[in-house]
Amino acid sequence: MSDTRWLYAWAVGSVALGGASLLVPLYVVALGGTAVDLGLLASSAAFVGAPGALIVGRIADKTGKKRPFVLGGLVLMTAGLVAVALVDSILAVIAANAAIWFAAGAIGPVLSLLVVAGAAEQTWSDRYATLNAFQGYGWAGGLVLGVIWTGLGSQFLPTLAVQQSFLVACAVCAAAGIALGVRFLPADGGEGRLSSPRPQADRVARAMVKAKRLNVRGATFPYMFGRLYWTTVSFHPRELAQRFTPTLAVYYGAVVLFFAGFAAFFAPLPIYLTAAGFGSGEVFALYLVASLGSAVSYEYAGKLAGQFDVPLLQAAGLTVRGIAIPAVAVVGGIAAGTTGLLSVAGVFAVIGAAWAVIAVTASTLVTKIAPRGVRGEALGVYVALSAVAGGIGSLLGGWLATFGFTLAFAFAGVLVLVGAGVVFVVHQRTKSRPTRPI
């Protein structure tokens, strides 16, 4: 992979995803959607992204074909964004959004193949770090573009017109990704073809875990579709069941709880912020604050993980996030105007920073407590559970918000705090055991 200019194609595509990740929920709100509709929107994205990663990832891995799937995914993303901009039916928007995230999920494992094509295994982590950086900067760029576009556009056009125009702008970004991909993606069988046998899935998954990340999207959209394929492709349920440990089972219970809590909070959040009087540009700015809070905290979180007990550190991060989630409703309900915006932004920064701690420690914790022979499978279960829990949590959060946002956010916070308590139990069970090398 001597020519890495194709990474710019995905970076531009990530601009489209970053913008659409928040713009589509705001568009549903502008169309008169309810919290239940937002729950369906978020859950469908979670549930279709996983099959996209598994189906397309397996085909690309077996056939060695990468270029057609990356380009095809970008085409589907572009079409989905255009479709959302052209329809005014909420169900149609949910369907088109599902197509966008199916495409995003499908592209992830193909890119992970492409980025290590022909490279020595010891360089994989660095290459995944580069891929994550391009993706992270693109995602953040989409949020920045949303702040500017919706903030300025609202001065001249109605809300729906501004949002539809921004959807078209996101589609243009995805189309630009196609053009760059056509120009720079290596041809299959040529530069991009693996010069060695297909990499083993457990080694790929481990390299992806070790890679330093600029995972800004995880602060507000914590679904890891790209990693899902690599952590489940070599999955052996019988072997995992035979070596399943009680401590690992306890931690999986925590994963379900806190990821469901995250999703229960984020699914109805756009409609809450809109009802609280924040404009589209301000909502984009708040999400950007959370993403940047996560990005700038990763390095510090990594240092903390090397100094403190990992499960205890994760429990602390979850506790902070579990308290901050319902605090959004409290702060947003007390202050108004600029004071309210700055107050909520402060809470969002805390939510983002806490995610950095949780993300850094999660994969480390799974590999620490899982038996050596099934660590790949254990990571697969973790990723799969996070996606399923996110889908279910989105539905629960949307439904509870119909009875009141304070109730929905309090429920989400309680789930995260209970998850933190379960992780503390894991800490108690592992603190006397020596840490195994990862």
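Where a number appears in this text, it was derived from the coordinates with a stated rule and is not lab data. In this text the structure is predicted, and so the values were computed from the model without any measurement. Cβ coordinates were reconstructed from backbone atoms using ideal geometry, including for glycine residues, and neighbour counts include every protein chain displayed.
A few points about this structure:
- From the alpha carbon centroid of segment 326-363 to that of segment 281-309 is 11 Å.
- Remark: spin-label model distance GLN155-LEU31 equals 3.0 nm, labels positioned 7 Å along the Cα→Cβ axis.
- Computed over segment 6-430, Kirkwood Rh from alpha-carbon pairs, angstrom: 21.4 Å
- Of the residues ALA50, VAL70, GLY80, the one whose Cα sits farthest towards the positive end of the charge dipole of segment 11-94 is VAL70 (charges of +1 on Lys and Arg Cβ, -1 on Asp and Glu Cβ, taken about the Cα centre).
- Fewest-first sequence of THR361, THR247 by Cβ atoms within 10 Å of each Cβ: THR247, THR361
- Spatially close lysines, pair count over segment 6-430: Cα under 29 Å, gap of eight or more or interchain: 11
- In this rough spin-label picture, where each label sits 7 Å from Cα along the Cβ direction, the LYS303-ILE55 distance is 4.6 nm.
- Extension gain from SER165 to VAL425, taking 0.36 nm per residue of separation minus the Cα-Cα distance: 88.6 nm
- For segment 347-361, 3J(HN,Hα) computed residue by residue from phi via the Karplus equation (6.51, -1.76, 1.60; θ = phi - 60°) reads 5, 5, 4, 5, 4, x, 5, 5, 4, 4, 5, 5, 5, 5, 8 Hz, glycine and proline entered as x.
- Label sites at ALA249 and ALA92, each approximated as a point 7 angstrom past Cα along Cα to Cβ, lie 5.0 nm apart.
- Dividing the mean sequence gap of close Cα pairs (under 8 Å, 6+ apart) by how many residues segment 6-430 holds gives a relative contact order of 26 percent.
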